[in-house]
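One structure is given here, and the rest of the page talks about it.
The values are calculated or read from the model by the stated rules, or taken from the named source; none is laboratory data. Computed from a predicted structure; not experimentally measured. Positions of Cβ are backbone-derived with ideal geometry, glycine not excepted, and every protein chain shown enters the neighbour counts.
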Amino acid sequence: MINYDAGYLGVNPNFLFKATGSVALRTLAWAIPNGVIGSALWFFWDWMDDGKKNPDSASVSQMLGSYNFVLGFLVIFRVQLAYERFWSACICTHELRATWFSAASSLVAFVSFDEDKSQEINKFFNILVRLVSLIHQAACERLDYENQGAEYMILETDSMEKEAKDFLQSSCDRCEIIEQWLEKLVVQNMRNGVLPIPPPIISRVFGDFSQGILLLGDLEVYSDFPLPFPFAQMTAILLLFHFFITPIIASLIMYNWRWAGVFSFTMTFCLWALNYIAMEIERPFGKTKNCLPGPDLQNEMNRACMLLMEKRMQMPPKFEMTGTGISYMKKVEHANNSEKNLRRTATQEMVTQARESLTDPAEKETSFKGMGEGLPRSSVRNSSTLPDGVPRSSVRNSRASKDG
C-alpha cells in the first residue's frame with residue numbers, strides 16, 4: 001500500500017511523477033508507439049493519395065467512435081468491479097482484526113478477581129494473546145500466499161508443546177485449528193473458575209471467533225478467485241485490436257500528421273491506463289506495491305495483543321469526585337493526528353526491538369510488565385519459518401500449490 005499526498009489542488013509534483021506503484025510507464029509502452037505509427041501512416045496515405053482527402057473518413061470516424069464506446073464501457077466496468085473488490089477487502093481485513101481483538105479484549109475483562117487464581121489468570125492471558133496473534137498471522141498468510149517474501153511477525157511460541165506444533169505444522173487449515181483451540185481454552189477456563197461469567201454473556205466471544213472465520217472466508221474470495229477468464233481474455237483481445245486499428249483510422253481522418261499522432265496516443269493511453277488500474281487492484285493480496293499491507297496489519301495486531309498484557313489495561317481509572325454535577329471539559333487539542341502517529345511509531349519500535357532481540361538470546365527471556373510478570377516474554381519473532389525451523393511455504397494451503 002502506497003501512502004501519498006496529492007496536495008491541496010491534487011497536482012503535487014511528487015505525487016504526479018511518482019513511478020512506484022504507477023501504471024503510467026506500462027501505459028506509455030503502448031501509447032507512444034501508437035502515436036508514432038499514427039503520424040507515420042498519415043505521411044504514407046498522403047504520399048499514396050497525392051494529398052487528397054479520403055471521402056470515407058466520416059464513416060470510418062463513426063465506426064471508430066462506436067468501437068471505442070463498447071470497449072470503453074467494458075474497461076470501465078472492469079475498473080468498477082476491481083475497485084469494489086479492493087475496497088471490500090480493505091473493510092474486511094480491518095473488521096477481521098477488530099473482531100478477533102474484541103474477543104480477546106472481552107476475555108481479558110471477564111477474568112476472575114480472585115487473587116488465589118493469579119497464576120492461572122497469567123497463564124490464560126499468555127496463551128490467549130499468543131493464539132490470537134497466531135490465528136491472525138495464519139489468516140494473513142493464507143490470503144497473501146502469492147507473496148513468498150512477506151515477513152510476518154508473531155508472538156513467541158517456543159513454549160508450545162511439541163505435539164501441538166507438529167499437528168499445526170502438518171495442517172493446511174491452521175486458522176480453523178487455532179479457532180478451535182481458542183474456543184476450547186475459553187471452555188476450560190470457565191470450568192476452573194478463571195472466567196466466572198454466565199454462558200449467555202460469554203457466548204458473544206464465541207460469536208466473535210466465528211465471525212472472524214466468516215470474514216476470512218469472504219476475503220478468500222478476493223484472494224483465490226480472479227476476474228472471470230472470458231471477461232479478462234476478451235478485454236485484452238479487444239484492446240489489442242484497438243491498438244492496431246487506432247493509428248490506421250487516425251491517419252485517415254486527420255488532416256494533420258500531428259493530430260493523427262496525438263489522437264492515437266490519447267485513445268490508447270486512456271484505455272490501457274484504465275485496464276492496468278483494474279489489473280493492479282482487482283487482486284488485493286499479492287506482491288505489487290498497491291496490495292494491502294499484510295505484514296503491517298499483523299504488526300498492529302501484535303502490538304494490540306501485547307497491550308492487553310499491561311497491568312493498567314486490567315483496571316479502569318479512578319476519579320476523585322468533588323461534586324455531584326458534571327460540566328464540559330476543556331477542549332483537548334490533538335496536533336497532527338497524534339493518536340495515529342503514536343500508534344504507527346509504537347508499532348515500528350516494537351518490530352525493531354523484536355528483530356534486535358532475535359539476535360540477542362538474553363532478550364528472549366525478558367518478562368512482561370504487569371499481568372504477565374514472571375512468565376516468559378511473548379516476544380515478537382519472524383514467522384517466515386514456523387516453530388522448529390520448518391519453512392512456512394512447506395505447509396501452505398493446497399490452493400497455493402495448485403496455482404503454482
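Of the helices (runs of 4 or more DSSP H) that lie entirely inside region 141-247, those containing 3 or more residues that are modelled with pLDDT of 90 or more and over 26 Å from Arg283 (Cα atoms) span 174-191, 199-224. Answer yes or no as to whether Glu310 is more than 17 Å from Cys140 (Cβ to Cβ), among the acidic types (Asp, Glu) and in contact with a Gly (Cβ under 7 Å, 6 or more places away or on another chain). Criteria met by Glu310. Evaluation of Ile154 against the conditions (1) surrounded by 22 or more Cβ atoms within 10 Å (Cβ to Cβ); (2) out of contact with any His (no Cβ under 9 Å at 6 or more places or on another chain); (3) over 17 Å from Gly212 (Cα atoms) shows that the sole unmet condition is (2). Considering (1) in contact with a strand residue (DSSP E or B) (Cβ under 6 Å, 6 or more places away or on another chain); (2) surrounded by fewer than 18 Cβ atoms within 10 Å (Cβ to Cβ), the lone condition that Arg130 does not fulfil carries the number (2). Any residue that is under 30 Å from Phe73 (Cα atoms) and of a type outside the set (Gly, Ala, Ser) - is there at least one of those in region 156-164? No, every residue in region 156-164 fails to be under 30 Å from Phe73 (Cα atoms) and of a type outside the set (Gly, Ala, Ser). Please go through region 288-312 and give me each residue that is of a type outside the set (A, V, I, L, M, F, W, C), closer than 24 Å to Asn126 by Cα and not in a helix (DSSP H, G or I), ordered by number. Across region 288-312, the qualifying residue is only Glu310. Quick one: count up the residues across region 243-273 that are closer than 29 Å to Phe86 by Cα, surrounded by fewer than 21 Cβ atoms within 10 Å (Cβ to Cβ) and touching a Leu at 6+ places or on another chain (Cβ under 8 Å). Summing the residues that are closer than 29 Å to Phe86 by Cα, surrounded by fewer than 21 Cβ atoms within 10 Å (Cβ to Cβ) and touching a Leu at 6+ places or on another chain (Cβ under 8 Å) in region 243-273 gives 1. The residue list Ala250, Ala236 contains one member that is in contact with a Phe, Trp or Tyr (Cβ under 9 Å, 6 or more places away or on another chain) and small (Gly, Ala, Ser), which is Ala250.
Tell me, which residue of region 188-235 that is surrounded by 13 or more Cβ atoms within 10 Å (Cβ to Cβ) and of a type in the set (Val, Ile, Thr) is nearest to the chain's Cα centre (by Cα)? Checking each candidate, the answer is Ile213.
Answer yes or no as to whether Leu168 is closer than 19 Å to Cys305 by Cβ and out of contact with any Ser or Thr (no Cβ under 6 Å at 6 or more places or on another chain). Yes, satisfied.
Give region 9-40 a look and list any residue that's more than 26 Å from Pro293 (Cα to Cα) and of a type outside the set (S, T, N, Q), or say none. Answer for region 9-40, where residues must be more than 26 Å from Pro293 (Cα to Cα) and of a type outside the set (S, T, N, Q): Leu9, Leu28, Ala29, Trp30, Ala31, Ile32, Pro33, Gly35, Val36, Ile37, Gly38, Ala40.
Here's the yes/no breakdown for (1) in a helix (DSSP H, G or I); (2) at pLDDT 90 or above; (3) farther than 30 Å from Trp257 by Cβ:
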site	(1), (2), (3)
Asn3	no, no, yes
Ala19	no, no, yes
Phe44	yes, no, no
Asn54	no, no, no
Val60	yes, no, no
Leu74	yes, yes, yes
Ala82	yes, yes, yes
Thr93	yes, yes, yes
